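The values are calculated or read from the model by the stated rules, or taken from the named source; none is laboratory data. Everything quoted here is computed from the prediction, not taken from an experiment. A quick note on method: Cβ atoms are made from the backbone with ideal geometry, for glycine too, and the neighbour counts reach across all protein chains shown.
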Amino acid sequence: MNRIHLARAAHEINRAYCAALGDASQPAWEDAPKWQKDSSLMGVDMHLANPDATPEDSHASWLAQKTADGWKFGPVKDAELKEHPCFLPYAELPSEQKAKDYLFRAVVHTLKDAPDAVIKAAPVADGAFTSVKYIGVRPEYTDGTYGTGIHWVQGESRMVPTANARLLLKHKDVYALGEVDAPVAVLASKLKVDNEDDKQDMRDSIANMDKDAIGVFAKTHFNVDIEKRKSVATLREQVTGLFDQFGI
């Protein structure tokens, strides 16, 4: 599995763990600020380069990174003030905070050899979507040339309306035909979901979709245009409700 997918998985598991502790402040990966994504990516890189690193080593690496970026201790996490309650030596962390480092390490080492489960996306008809991969030199990029506002991390594929994709793909040094995550790939055709196991599999797929994938799914199966200003968690819940109500 590539480093971006690993970082996303670690971030989402950390977000779920924080929510279980009553901390709902963690944004979904798609809504996370660049500094937060970079932190997850650096953590992934550290564990991939040092497979014997411990959870304590993970925290030490994070602490060094935060120190270099000018962060300091604060009772509440504040990105503007660069304060964080975990800006402490590992031994002084509460046990529930130490658990985050165990979870992060486990995610990286459990999933690092897993396939990305992707298929090449062929161009599709107008009114549908095409997967476009950003291959430009910037670590992150938002399309402003054609007004789509779609945001990419370098090497990431996103579902783009085909009419826009054709324009983007003219810039061969910036974009290429991309890849589609397996949960999104099923949108290419109508699915027959009869038994409860299959239904739960589909719910699990929806739970892992990003906003673009949710948009494709909702439009393909329910002819519904999602409101992208809503959080990805809210959109997943809404589309799961549509699936439970109408099936596909």
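A few comments on the model shown:
- Pick from the stretch 113-134, criterion among the hydrophobic types (A, V, I, L, M, F, W, C) and surrounded by fewer than 17 Cβ atoms within 10 Å (Cβ to Cβ), ranking: modelled with the highest pLDDT: Ala114
- Failed item in (1) outside any loop (DSSP other than H, G, I, E, B); (2) polar (S, T, N, Q); (3) modelled with pLDDT under 90, with Ser58 passing the rest: (3)
- Applying the criterion of at least 1 residues that are touching a Ser or Thr at 6+ places or on another chain (Cβ under 7 Å), modelled with pLDDT under 75 and surrounded by fewer than 19 Cβ atoms within 10 Å (Cβ to Cβ) to the helices (runs of 4 or more DSSP H) found wholly in the stretch 160-211 leaves 162-168.
- Residue list for the stretch 61-73, filter: in a helix (DSSP H, G or I) and either in contact with a strand residue (DSSP E or B) (Cβ under 7 Å, 6 or more places away or on another chain) or among the hydrophobic types (A, V, I, L, M, F, W, C) (or both): Trp62, Leu63, Ala64, Lys66, Ala68
- When Ile4, Ile13 are screened for being touching a residue at least 12 places away in the same chain (Cβ under 8 Å), touching an Asp or Glu at 6+ places or on another chain (Cβ under 7 Å), part of a helix (DSSP H, G or I) and under 23 Å from Ala64 (Cβ atoms), only Ile4 passes.
- Inter-residue pairs, beta-carbon under 9 Å, first of a type in the set (S, T, N, Q) and in the stretch 97-108, second modelled with pLDDT of 90 or more, 6+ apart: Gln97/His59; Gln97/Pro85; Gln97/Cys86; Gln97/Leu88
- Count - residues of the stretch 159-175 that are hydrophobic (A, V, I, L, M, F, W, C), under 13 Å from Tyr134 (Cβ atoms) and free of Cβ contacts under 8 Å to residues at least 24 places away in the same chain: 0
- Residue among Ala91, Ala79 that is at pLDDT 90 or above and either crowded, with 17+ Cβ neighbours inside 10 Å or not assigned by TED's automatic domain parsing to the domain that holds Leu177 (or both): Ala91
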